[in-house]
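The values are calculated or read from the model by the stated rules, or taken from the named source; none is laboratory data. Since this is a predicted model, take the numbers as computed values, not measurements. Counting neighbours? That spans all protein chains shown, and the Cβs are built from the backbone with ideal geometry, glycine included. Areas reflect the complete protein model, heavy atoms only, side chains present, ligands, DNA and RNA absent. Shrake-Rupley method; radii C 1.70, N 1.55, O 1.52, S 1.80 Å.
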Amino acid sequence: MIVLKSRAELNQMREAGRVVAEILQLLREKVVPGVTTLELDRFAEQECKKRKVRPAFKGYGGFPFTICSSPNEKVVHGFADEVPLREGDILSIDFGVIRDGFYGDSAITVPVGRVDAEKERLLRVTQLSLDLAIAAAVAGGRLSDISSAVQTCVEKEGFSVVREFVGHGIGRQLHESPQIPNFGPPGQGPRLRPGMTLAIEPMINAGSPAITILKDGWTAVSVDGKPSAHFEHTVAVTESGPEVLTLP
Ligand code: MG
Ligand code: MG
């Protein structure tokens, strides 16, 4: 069942989303050569404490960190560690909080210093695919319009859509109905209605779409070792169009 949110509930989700966006923005500024993902993780946890919100992921299904930090060929759900990031890396940071009972969830992929043209293009196209997907989150449309928008954008550029992970409804639960694949033909699935709140999150590989999970049981990596990017926003379907909730 897809839970529709009232106006008051959307206000609460806006607040949760704003906190997520603020902390992600601070994290983005900290991504420089030499920093470790463990430092970023600790920083994110402190910022949650300061703002009296709880990290959404720490402890979720046993996940041990506040942020999912996934450099280069890591796709999603990477563990923080003490390996310094290097110039030319890209780093995906997925982060969420729960505030007054409501979740916000967002992800960015950030260049570490200067990156090569192909990585830059991967980031740009993945971000664009999210923007187009958000634009498709219109009342009266169908859920798979969102999916199709991502796939069309990304494959036109020669990149590939990860199949194993999907976007999701979000609200009082981190993962609510419906699941939102990043592929498939448009015009299918539930009709989009005002009050739906969706975490839309393309996960895009530079090479083959195939992924595998590392021995830690969480970290997804591209099988061919090529880089992967991930952008995500929590979005509300409203009468007047899509509204991104994870904005500062
Ligand atoms: Mg996320
Ligand atoms: Mg998510």
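Below, the figures for the structure above:
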item	result
Subset of region 162-189 [open to solvent by less than 20 Å² (accessible area, probe 1.4 Å) and either polar (S, T, N, Q) or within 15 Å of ligand 1 (Cβ to nearest atom) (or both)]	Val162, Gly167, His168, Gly169, Ile170, Gly171, Leu174, Ile180, Asn182
Restricting region 56-71 to residues that are buried (at least 23 other Cβ atoms within 10 Å of the Cβ) and within 13 Å of Val97 (Cβ to Cβ), the residue that is nearest to ligand 1 (Cβ to nearest atom)	Ala56
Neighbours by Cβ (under 7 Å, 6+ apart or cross-chain): first from region 45-65, within 16 Å of Ile93 (Cα to Cα); second away from ligand 2 (no atom under 16 Å from the Cβ) and acidic (Asp, Glu)	Pro55/Glu45; Phe65/Asp41
Sole residue being without any contact (Cβ under 8 Å) to a residue 60 or more places away in the chain, closer than 16 Å to Cys68 by Cβ and of a type in the set (Val, Ile, Thr), chosen from Val166, Val162, Val221	Val166
Residue count for region 4-49, restricted to those that are within 19 Å of Val244 (Cα to Cα) and among the β-branched types (Val, Ile, Thr)	3
Test result for Gly207, of a type outside the set (A, V, I, L, M, F, W, C), open to solvent by less than 40 Å² (accessible area, probe 1.4 Å) and not in a strand (DSSP E or B)	yes
Subset tally (residues that are closer than 21 Å to Gly241 by Cα, out of contact with any strand residue (DSSP E or B) (no Cβ under 9 Å at 6 or more places or on another chain) and surrounded by fewer than 18 Cβ atoms within 10 Å (Cβ to Cβ)) for region 136-159	0
